[in-house]
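What follows is a single structure, written as structure tokens, with notes after it.
The values are calculated or read from the model by the stated rules, or taken from the named source; none is laboratory data. All of these numbers come straight from a predicted model, not from anything done at the bench. Note that each Cβ is placed from the backbone with ideal geometry, even for glycine, and that neighbours are counted across all protein chains shown. Just the protein is used for accessible areas: all its heavy atoms, side chains included, with ligands, DNA and RNA removed. Shrake-Rupley method; radii C 1.70, N 1.55, O 1.52, S 1.80 Å.
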Amino acid sequence: MIIDILNEKISEILGNDNIRVIRSNRRELCDYQSDDVFKLAKIEHRNPMEIGEEIVEKLNSISDFNEYFDKVEFVRPGFINITVSDKLINKVLRDMMNKPKFGLNKPEKEELFFLDYGGPNVAKPLHVGHMRTAIVGESIKRIISYMGHKTISDVHLGDYGLQIGQVIYGIKKDGIDINDITLEYLEETYPKMSALCKVDEAVKNECATITKELQDGNLEYQKLWKVILEISGNDIKRLYRYLDVSFDLWQGESDAYKYIGKTEEFLNSKNLLEISEGAKIVNVSEESDKLEIPPFLFEKSNGAYLYGTTDLATIYERMERFNPDHILYIVDNRQNLHFEQVFRVCKKSNLTPSTDLEFLGYGTVNGMDGKPYKTRSGDAPKLDNLFNEVKEIFLNKREENKSMEDKDLDIIVNAILKFADLQNSRERDYIFDINKFSNVVGKTGPYILYTDLRIKKILDGTSILDLSDNIYNEVDRNLRLGLTEFNIALNHAFLERKPSYVADYIYNLAVLVNNFYQNNYVLNEKNELKKNDWLYVLSLTNKMLEELLDLIMIKIPTFM
Ligand code: ARG
């Protein structure tokens, strides 16, 4: 926004694009700066000071200087420092207020992004670790669509793996009737069976056989599987609804089986499948590999398919049905190698000729001990337990004893969890310190919510006229400049597929607006013009905060 305007104006004045500005990192000196003079000096074999002085003189001599600049200076040895005019800032703010998405540019070409996130495993209870893919994935989806692209999301359930064989084994062993299977039963049975398989080889083999027979179409197992899928799927949907995470497609690994045949034919048509010790593999190592990449396993010697087979067949399906420009996988960092193998098969076989396959790994959510997070109850870090724990901690922190509506409380729990998570760069592990993240001061969800509620309170019942060209003091100016940087944060978030840029920007805005209203008593202001301008700025801030918060799935409570 301001950056684009400045660059365009400078090009117009100089007659070329040699000088580009960036946001200044020393704001006490100037708003924008450029060090391109150095580059230019090298190319033209001239003294940078000479060039710099010349350019600054040109910029200073234009007739409409005040429309854009307050001050343009040359600083030795080769910097151009720019302070923009209040008039320009206000012009941009008016534009932002009046245009949808604050005037964000539409992309030159609308692209289709296919997103694969969530990936919960049916019949295993959803736990804390599953939250991150859901939250990060949903937010990336919202950011992409806000930027003006199309998205399709698929939950890609783990619905056909060994855990199903284990649960079916348990059902048969316990003699449970198909009509008596409950969620509680499933949640108890899976961990029991999984533990049993670790110590009893025979049971383990039996579970694997059941899984294979299910995949081969055994009618009894298929019936049981459908019931398990229904019960567990409903609970998964309930938890995602609580987190405001949604999917266009509720497909799973089982849906890939229809495409395995076609995928195999396709690989054979490219002569890529090899037989090795009875298994079907694709060699994916490349000469430049520093670490050896093992072959991609398509089919085991006993005829069983693997995790990679379903992922490849799923890509086959996605290409056939949607032919997206991008397929994004928001998956645990530890699956990096798996996806490297799958992607290499796609490349080698030309299955995805004009589709970018992106592995967007995320780090682990750790407890204070640096190990994967567990709730206080210890061994079962289920999502429901986490929600309750966060609720309790937040309520204990409140000084006010006025009771709160459940709906508001759920909104706050969401804000605490999401802001804790999304402020971290996605690929990094982070320590989930509930105590810290539920505080109302600091870089937390509650701090952001309080900030927005306070603005809303000031704005309540006021009517606002257009913005004048004035700015009244430094905290006022800082907030206004901050608002104009909206597109920079969004572009970063989009290009790097990292919601943390949005979360950071939201936090910075919250700090700026807090400084603003702690120093300026808006409602007591006697000067009507000034009061109106301030209400205008607050109203724009409120609008922007709420639109950005929606990108990280945070709602505003009525009261807290
Ligand atoms: N269900 C898998 C797991 O729990 C995650 C699925 C990720 N998506 C994919 N297309 N493989 O590890």
Open item on the list: Just the residues that are among the aromatic types (Phe, Trp, Tyr) and farther than 19 Å from ASN283 by Cα, please, taken from segment 302-352.
Closed with: PHE322, TYR329
- [ ] Residue by residue through segment 233-254, note down the ones that are open to solvent by less than 80 Å² (accessible area, probe 1.4 Å), in contact with a strand residue (DSSP E or B) (Cβ under 9 Å, 6 or more places away or on another chain) and among the charged types (D, E, K, R).
- [x] GLU253
Task: Hits in segment 153-184 - residues which are open to solvent by 10 Å² or more (accessible area, probe 1.4 Å), in contact with a Lys or Arg (Cβ under 7 Å, 6 or more places away or on another chain) and either polar (S, T, N, Q) or over 14 Å from LYS226 (Cα atoms) (or both) - done: GLN163
Task: Residues of segment 274-294 classified as part of a loop (DSSP other than H, G, I, E, B) and free of Cβ contacts under 8 Å to residues at least 40 places away in the same chain, total - done: 10
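Going through VAL167, VAL136, VAL128 one at a time, which residue ends up being in contact (Cβ under 8 Å) with a residue 24 or more places away in the chain, over 14 Å from the mean Cα position of the chain (by Cα) and within 14 Å of the ligand (Cβ to nearest atom)?
None of the other options fit; the residue is VAL128.
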Open item on the list: Looking at GLU474 and the list (1) farther than 29 Å from ASP4 by Cβ; (2) surrounded by fewer than 16 Cβ atoms within 10 Å (Cβ to Cβ); (3) free of Cβ contacts under 8 Å to residues at least 40 places away in the same chain, which single condition is not satisfied?
Closed with: (1)
Open item on the list: Please return the ranges of strands (runs of 3 or more DSSP E) entirely within segment 1-119 where 3 or more residues are without any contact (Cβ under 8 Å) to a residue 60 or more places away in the chain.
Closed with: 32-34, 69-75, 79-84
Open item on the list: Under 7 Å between Cβ atoms, which residue pairs at least 6 apart in sequence (or on different chains) link something in segment 435-460 that is of a type in the set (Ser, Thr, Tyr) with a partner that is open to solvent by 30 Å² or more (accessible area, probe 1.4 Å)?
Closed with: SER438/ILE393; SER438/LYS397; TYR447/VAL440; TYR447/VAL441; TYR450/VAL440
Open item on the list: Out of everything in segment 259-273 that is more than 16 Å from the ligand (Cβ to nearest atom) and part of a helix (DSSP H, G or I), what residue ends up being least open to solvent (accessible area, probe 1.4 Å)?
Closed with: LEU267
- [ ] With a cut-off of at least 3 residues that are under 30 Å from ARG241 (Cα atoms), name the helices (runs of 4 or more DSSP H) lying wholly within segment 470-560.
- [x] 486-496, 500-519, 528-551
